[in-house]
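So the structure is just underneath, and the comments pick up after that.
The values are calculated or read from the model by the stated rules, or taken from the named source; none is laboratory data. Just so it is clear, the model here is predicted, and its values are computed rather than measured. We place every Cβ from the backbone using ideal geometry, glycine too, and count neighbours over all the protein chains shown.
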Amino acid sequence: MAFDPQKFISESIVQIRATVGDKRAIIAVSGGVDSSVAAALASRALGKNVLCVFVDTGLMRKGEAENVRAALEPLGVNLKVVDASREFLGALKNTSEPEKKRKIIGEKFIRVFESEAKRFGASFLVQGTIAPDWIESGAGLRDTIKSHHNVGGLPKKMKMRLVEPLRELYKDEVRKVGQALGLPQEIYSRQPFPGPGLAVRIMGKITPKKVEIVREACAIVEEEIELAAKEGKMERPWQYFAVLLPIKSVGVLGDARAYGYAIAVRAVDSIDGMTAKASRIAPEVLEKIADRITRKLKEDVNRVVYDITSKPPATIEWE
Ligand code: XMP
């Protein structure tokens, strides 16, 4: 049977109200599709009794806090922006192992929430977890591939009760729900963004400088691919971003020798994120991306490569 978003919304509202009652709830919004849809749904069900918190982890996309404000505030969502970037970057300072990064970020996130929740008097934590998040986190029969932020980062003794209204949905269904809730298209059709943010797009140790580099490179990849799609040069891929590699290679800057980082561009076509194929991007689009990245970041990056691997054997993100 075809998925019916309206039916899903009315059933979820009843369920959320039955679970939360007249208590208060808190939800993290990241600017991504899942959390925005969960926030809009929870706000529809609970009104001002749900506080939507945007935590600036210092690992968000360019302009994210402003975008979230612009998208959610007009919907009457009770939104609070918390700048915790120093705390997150400090905690990640000496970590290069991907699973460790995920755990640190997941746990810090929950800590920040617990303190916001206390202040708000919330007893429930709403999360935008969707089916692939928990399937890939080893809850089912599969081995653990990655501890997804929404699941793997949760401490064992959580003080709040969890509400996950999108738990059984896949991405395409979440988008339909977002559209039916009246969210702007820029939100519900937005490409996925991982919970741990840019941390999993920086291979190895994270420094503020590296975050700046990958944030700028991701913005360029997004702009150029969206432009190419708008001009009809290609279909917009499922996901498209940049990864900062931990290797340096030799290049030329002006007439001097340079020794800079390499950026990998990743763009994939997928239905649900469980499997994926590298997108076929016109060479001139890739060239423009490489040109813009190496100009804008000329002091730090002198090489751009394109990742042509499918999932499996690779995953979409590099960590
Ligand atoms: P991978 O990299 O495992 O990712 O092929 C599949 C999809 O999930 C996104 N992703 C995450 N989403 N929390 C999330 O909410 C996470 O921890 C997380 N890690 C990866 C990824 O961007 C892709 O769309």
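Pick out the one residue from Arg119, Arg111, Arg102 that is of a type in the set (D, E, K, R), within 11 Å of the ligand (Cβ to nearest atom) and either at pLDDT 90 or above or more than 23 Å from Glu11 (Cβ to Cβ) (or both).
Arg102
Which condition breaks for Ile225 when tested against (1) buried (at least 18 other Cβ atoms within 10 Å of the Cβ); (2) outside any helix (DSSP H, G or I)?
It fails just one condition, (2).
State all residues of the range 222-238 that are out of contact with any strand residue (DSSP E or B) (no Cβ under 8 Å at 6 or more places or on another chain) and within 12 Å of Val268 (Cα to Cα); if no residue qualifies, say none.
Arg236
Of the numbered conditions (1) within 16 Å of the ligand (Cβ to nearest atom); (2) in contact with an Asp or Glu (Cβ under 6 Å, 6 or more places away or on another chain); (3) within 28 Å of Lys209 (Cα to Cα), Trp318 fails exactly one; give the number of that condition.
(2)
For the range 178-201, indicate whether the set of residues that are within 16 Å of Ile105 (Cβ to Cβ) and either touching a Phe, Trp or Tyr at 6+ places or on another chain (Cβ under 7 Å) or β-branched (Val, Ile, Thr) (or both) is non-empty.
yes
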